[in-house]
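Note sheet for the following structure.
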Amino acid sequence: MRIKVVCHYLGLLVAILGFFMLLPLVWSILTGDPVSAAFATSAAICAAFGLLLWWLTPVGEGKLSRREAILVVAGGWILASLFGSLPYALAGTFTSYTDACFESVSGFTTTGATVLTSIETQFESILLWRSITQWLGGMGIITLFVALFPILGIGAAHLVEAEMPGTEAGRLTPRIRDTARAVWLLYMGFSALELIMLLIAGLSPFHALTVTFSTMPTGGFTGTNLSIAAFDSVFVEGIVIFFMMMAGVNFGLFYFLLWKRQARQLLRNPELKVYFGLLIVVSLLIALNLSADLGLSAGEAFRQSFFQVVSVMTTTGFTTANFDIWPTFARAALLMLMIVGASAGSTGGALKVIRLVVLIKYTYNQAIRAFNPRTVVPLRLGKAILSDRVVSRVIGMTVLYFLTLIGGFLVMSAVGLDHETALSSVIASVGNVGPGLALVGPAANYQFIPPLGKIVLMGCMLVGRLELFTMLVLFTPSFWKWR
Amino acid sequence: MYVIIAGSGIVGFHIASLLTEGKHEVTVIEPSEEVVDSIHSQLDVKTVLGNAATPTVLREAEVSRANLVIAVTNNDETNMLVCFLAKELGAAMTVARVRNPEYTGYFVSAAKSPSAPRKIIRPKSLGVDLFINPEVEVAEKIKGVLSSLYPSPVESFADGRVQIKEFRVNEGELTDKRLQDIVFPHPCVVAAILRGGEIILPGPDEYITMGDHVYLVARSDSMDEFGGMFARPQRPVRSVVFYGGGRIGFLVAESLEKQEIAVKIIAETNSRCQEIAARLERATVLEGDATDRDFLIEQGVPSADAFVAATESDELNILCSLLTKSLGVPRNIVVTNKPGYIPLAEEIGVDLAVSPLLQVASRISHFVIHGGAIAAPFIGGKDLQVIEFVTSATAHIAQRSLTEAGLPRDAIAAAIVRDDKVTIPPNDSVIRPGDHVLIVSRPSATPAVERLFK
């Protein structure tokens, strides 16, 4: 492994991050708040550190190996989180550096869990930076990097695969760089569209920007204490619901629709059907539950349940109602949706709908084989037949996902949280959702959790964002041996 | 440029790797899932799993926008079918690897005009723009080397009027002289020097040292007179020993037989020996193992003029040819499928290593160069490319001189052919449409050269 090569790309990455700090800097100067110095210093530190590292480690030809790519991706996310916390630290937003870091990790991983006790009292530029970190993390900073820089042939493919596992099958174009460009272009297109619509709906430019920057990456930060409920507008809720749903769809399908004019891909996609099916069925069930238990009108019950379901399942974490005070069934259903998550190839997190589909079909096949062991039942997904290797990868990933949840749950219990808070905080962190239940519910925040707990949750968020393996292989001894 | 490669054996894989280095878009079609996985971990290409000879699979690979389809599966019939379908579905250019000579060379007399024989298989009606046959190409190359006085490869351009030839410097007369001080008997251009595994594009004050490989461009008819300057000519080949009962050995042996050259073929299995013996009239066919020193001496191999190792195993080929060299055979040629072995083999004493793979890459590489290239073989491994351009009227370089157009640093113009007149080295006159211009360039500079002729 060539550490020098890894450092070279990491340097460039940090420098790009510094460039994006210019946006809140401009906002800070325009609004005349006192934290513009913090942004200027942070940007300068990022640029200086990044460019120096980049310049000190010249690389010649040679391909980036898979191992090096994994290290660039894992290291890139960690460095981005660390450097992204500089503005908070320098502006004195938080009393401790752990909190600044937590907010930054929560931003980049598009979790949207906050340690701010009051949001509206913060400077607009700081809140804007929170949302920008989410926007960068949503489609992936490494993917953006690959799209921007003409690098490295197979190395680029390794990078993108380490950041968006499962893209191996979903490579859209012969060159991975074109794929990276296409998805980022789609992402920016959707974002621009949402921004315009929110402005038309009457949001101030600041709120329109922060909400947009947090919707498309399925992040969840807003500039208000009450999240989307603060706007109290059906129109705004409708726009946000629509774009959250789009962000939770595999972007490859949009690519086929817009570039290749193949609507068939979209209509026949088995994952998409289950995704929308689940959204609608669970919304209706929760609406029934709400109107029966809380006595809400049918319309109001559906409006609340639909928004919350979409927000939680796409792992965004916006809220228009405090679902923590909802009846038990509704809360349990939402907690389960946090584990399922959005579609593969989307900006959403968690386990992904496709894996659920594969697991259920696999279990069904096993059931058939239980009473007749000689039947041969292929695992069909749409028209394709999945091979044993693909299925076993899904099973391995799921097992690891649940092991991570269990491990996190035990640690969070150990630092003194009650069961419901401990479990939901871990599920919401690994799944990059944001709000959980009980003490970390929509109306609460993560401020009260002890530092050790916060560090564990940060780990959960990063591990969850990179779909476990990319982060966790760093802990296997053989990854480091035999350089 | 968008290229689809059907089949990812050794040839398919290496073509894909060459093309991705040149920043082309590549999709590989391959039926084996394991192979697809290994491609994914090595190349930045899209893969489509399945049988390339079916329209669904080809369509999934977006054949309609393909500029070039290269069919190199193991099966001749599949390859032709792939090209046929690809052409029907809208591919611009197709190349098929066809090994069986019956497909490309079988003639019949048509009933209507008995005097005019025609091929049964006409590439155009099959949708194949180019047939390639790696074994035949390699056999041709080996034949060329064996019939020349110097054991080195040669490439011809402009209908054979101009050649580029590689010479090994192993005589004292020229060494440690500067290029500008050397008096050549005929006009020529020293296009490149291969020294210690590295290609140098020499300036006029570059020195030539012992052990260099010099790439010289000159008129074909004067080429042999240059040889004596660099190395002592070897005596003409009168006897050749082949090792390996494969197609390459057989093809070369067959044509050498006609030139009255004594041929011995060593093959390992009795059945293969029988087969070869039945098809060759005068050749001596021996059953045995060419790594056996005593066997070689017993069969008189040390007194042969040349030894060609062409078995399936690259390692075996190299080892045997070293063995025969130590026994006193003056020339040895090795066939290898791994291009990485070529510099290595030549380093340790093999006179010439040829690779079917690089032959194929050389044959098709001009298809991916825009701007009227009609040939672009690689020489010296894959570090140098010789490109023959036909200048079009709209080309950037047309109606300009070479200095005016500004060639990139890693490229030189070696010859200009106008009608029948060959100019070497090219003077600085204006280049006219229709001129053939021969450019020697590193692959990295090729895109810049391309732009001049676009």
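The values are calculated or read from the model by the stated rules, or taken from the named source; none is laboratory data. All figures in this text were calculated on a predicted structure; none of them were measured in a lab. Cβ sites come from the backbone with ideal geometry, for glycine too, and all protein chains shown count toward neighbours.
In segment B:350-454, counting only strands (runs of 3 or more DSSP E) that sit wholly within it, none holds 2 or more residues that are without any contact (Cβ under 8 Å) to a residue 12 or more places away in the chain and in contact with a helix residue (DSSP H, G or I) (Cβ under 7 Å, 6 or more places away or on another chain). Each residue in segment B:191-218 was checked for being more than 14 Å from B:T175 (Cβ to Cβ), surrounded by 17 or more Cβ atoms within 10 Å (Cβ to Cβ) and in contact (Cβ under 8 Å) with a residue 60 or more places away in the chain, and 8 of them qualify.
Okay, residues lined up against (1) in contact with a Lys or Arg (Cβ under 9 Å, 6 or more places away or on another chain); (2) exposed (fewer than 14 other Cβ atoms within 10 Å of the Cβ):
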{"position": "A:I368", "(1), (2)": "no, yes"}
{"position": "A:R380", "(1), (2)": "yes, yes"}
{"position": "A:D388", "(1), (2)": "no, yes"}
{"position": "A:R393", "(1), (2)": "no, no"}
{"position": "A:T404", "(1), (2)": "no, no"}
{"position": "A:G408", "(1), (2)": "no, no"}
{"position": "A:S413", "(1), (2)": "no, no"}
{"position": "A:L417", "(1), (2)": "no, no"}
{"position": "A:T421", "(1), (2)": "no, no"}
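Quick test for you: out of B:E298, B:E312, pick the one residue that is in contact (Cβ under 8 Å) with a residue 24 or more places away in the chain and either within 22 Å of B:E140 (Cα to Cα) or exposed (fewer than 14 other Cβ atoms within 10 Å of the Cβ) (or both). Just a single option satisfies the conditions, and that option is B:E312. The number of residues in segment B:135-167 that are touching a Ser or Thr at 6+ places or on another chain (Cβ under 8 Å), under 16 Å from B:G249 (Cβ atoms) and among the β-branched types (V, I, T) comes to 2. Contact map, segment A:352-366: first residue within 22 Å of A:V433 (Cβ to Cβ), second residue not in a helix (DSSP H, G or I), Cβ cut-off under 6 Å, separation 6 or more or different chains; pairs are A:K352/A:G341; A:K352/A:A344; A:V353/A:S343; A:I354/A:A344. Can you tell me how many residues in segment A:282-291 are farther than 15 Å from A:T320 by Cα and in contact (Cβ under 8 Å) with a residue 12 or more places away in the chain? Final tally of qualifying residues: 5.
Could you tell me whether any residue of segment A:154-170 is over 19 Å from A:L466 (Cα atoms), at pLDDT below 80 and either away from chain B (no Cβ under 13 Å) or crowded, with 21+ Cβ neighbours inside 10 Å (or both)?
Restricting attention to segment A:154-170, the residues satisfying the condition of being over 19 Å from A:L466 (Cα atoms) are A:154.
Checking the rest, the ones that are also at pLDDT below 80 come to A:154.
Now drop any that are not either away from chain B (no Cβ under 13 Å) or crowded, with 21+ Cβ neighbours inside 10 Å (or both), which leaves A:154.
Yes, segment A:154-170 contains a residue that is over 19 Å from A:L466 (Cα atoms), at pLDDT below 80 and either away from chain B (no Cβ under 13 Å) or crowded, with 21+ Cβ neighbours inside 10 Å (or both).
Here B:P343 meets the list (1) in a helix (DSSP H, G or I); (2) more than 16 Å from the chain's Cα centre (by Cα) almost entirely, failing just condition (2). Of all the listed residues (B:F250, B:F242), the sole one being buried (at least 21 other Cβ atoms within 10 Å of the Cβ) and in a strand (DSSP E or B) is B:F242.
Just to be sure before I move on: is A:S36 polar (S, T, N, Q) and under 23 Å from A:G140 (Cα atoms) in the structure I sent? So A:S36 fails the test.
The rows are residues; the columns are (1) surrounded by 22 or more Cβ atoms within 10 Å (Cβ to Cβ); (2) modelled with pLDDT under 95; (3) among the hydrophobic types (A, V, I, L, M, F, W, C); (4) assigned to a helix (DSSP H, G or I).
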| position | (1), (2), (3), (4) |
| --- | --- |
| A:E271 | yes, yes, no, yes |
| A:N289 | no, yes, no, yes |
| A:L296 | no, yes, yes, no |
| A:E300 | no, yes, no, yes |
| A:Q304 | yes, yes, no, yes |
| A:D324 | no, yes, no, yes |
| A:G345 | yes, yes, no, no |
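Residues in segment B:66-78 include at least one that is under 22 Å from the mean Cα position of the chain (by Cα), under 30 Å from B:L251 (Cβ atoms) and in a helix (DSSP H, G or I). B:H396 falls short on exactly one of the conditions (1) in contact with a Leu (Cβ under 6 Å, 6 or more places away or on another chain); (2) surrounded by 19 or more Cβ atoms within 10 Å (Cβ to Cβ); (3) not acidic (D, E), and that condition is (2).
When segment A:383-423 is filtered for residues that are of a type in the set (G, A, S) and within 14 Å of chain B (Cβ to nearest Cβ), the ones remaining, listed by number, are A:A384, A:S387, A:S392.
Looking at segment A:171-217, which of the residues that are assigned to a loop (DSSP other than H, G, I, E, B) and closer than 19 Å to A:M246 by Cβ is nearest to the other protein chains (Cβ to nearest Cβ)? Once the filter is applied, the top-ranked residue is A:L172.
Here A:E103 does not fit the description of being within 26 Å of A:A344 (Cβ to Cβ) and of a type in the set (D, E, K, R). All of (1) closer than 23 Å to A:V309 by Cα; (2) within 14 Å of chain B (Cβ to nearest Cβ) hold for A:V430 with one exception: (2). I'd like to know if segment B:53-60 contains one or more residues that are surrounded by 24 or more Cβ atoms within 10 Å (Cβ to Cβ), touching a helix residue (DSSP H, G or I) at 6+ places or on another chain (Cβ under 8 Å), outside the structural domain of B:R442 (by TED's automatic domain parsing) and under 27 Å from B:R442 (Cα atoms). Looking for residues that are surrounded by 24 or more Cβ atoms within 10 Å (Cβ to Cβ), touching a helix residue (DSSP H, G or I) at 6+ places or on another chain (Cβ under 8 Å), outside the structural domain of B:R442 (by TED's automatic domain parsing) and under 27 Å from B:R442 (Cα atoms), one finds none in segment B:53-60, hence no.
Residue count for segment B:14-56 under the criterion of being part of a helix (DSSP H, G or I), more than 7 Å from chain A (Cβ to nearest Cβ) and not charged (D, E, K, R): the result is 12.
For segment B:284-298, the condition of being touching a strand residue (DSSP E or B) at 6+ places or on another chain (Cβ under 9 Å) and either assigned by TED's automatic domain parsing to the domain that holds B:L438 or assigned to a helix (DSSP H, G or I) (or both) holds for at least one residue. Inclusion of B:A6 among residues that are crowded, with 21+ Cβ neighbours inside 10 Å, within 19 Å of B:P443 (Cβ to Cβ) and among the small types (G, A, S) is not warranted.
The set of residues in segment A:11-70 being part of a loop (DSSP other than H, G, I, E, B) and under 23 Å from the mean Cα position of the chain (by Cα) consists of A:M21 alone.
Please go through segment A:4-47 and pick out each residue that is of a type in the set (V, I, T) and touching a helix residue (DSSP H, G or I) at 6+ places or on another chain (Cβ under 8 Å). Selection gives A:V5, A:V6, A:V14, A:I16, A:I29, A:T31, A:V35, A:T41, A:I45. Residues in segment B:1-13 that are within 13 Å of B:N51 (Cα to Cα) and assigned to a loop (DSSP other than H, G, I, E, B): B:G7, B:S8. Pairs linking a residue in segment B:158-170 that is outside the structural domain of B:D419 (by TED's automatic domain parsing) to a residue that is in a loop (DSSP other than H, G, I, E, B) and of a type in the set (V, I, T), with Cβ atoms under 9 Å and 6 or more positions apart or on different chains, are B:V162/B:I424; B:V169/B:T175; B:V169/B:I208; B:V169/B:T209. When the criteria are applied in full, A:I142 fails the requirement of being surrounded by 22 or more Cβ atoms within 10 Å (Cβ to Cβ) and within 14 Å of chain B (Cβ to nearest Cβ).
Just one of (1) surrounded by 24 or more Cβ atoms within 10 Å (Cβ to Cβ); (2) within 14 Å of chain B (Cβ to nearest Cβ) fails for A:G137. It is (2).
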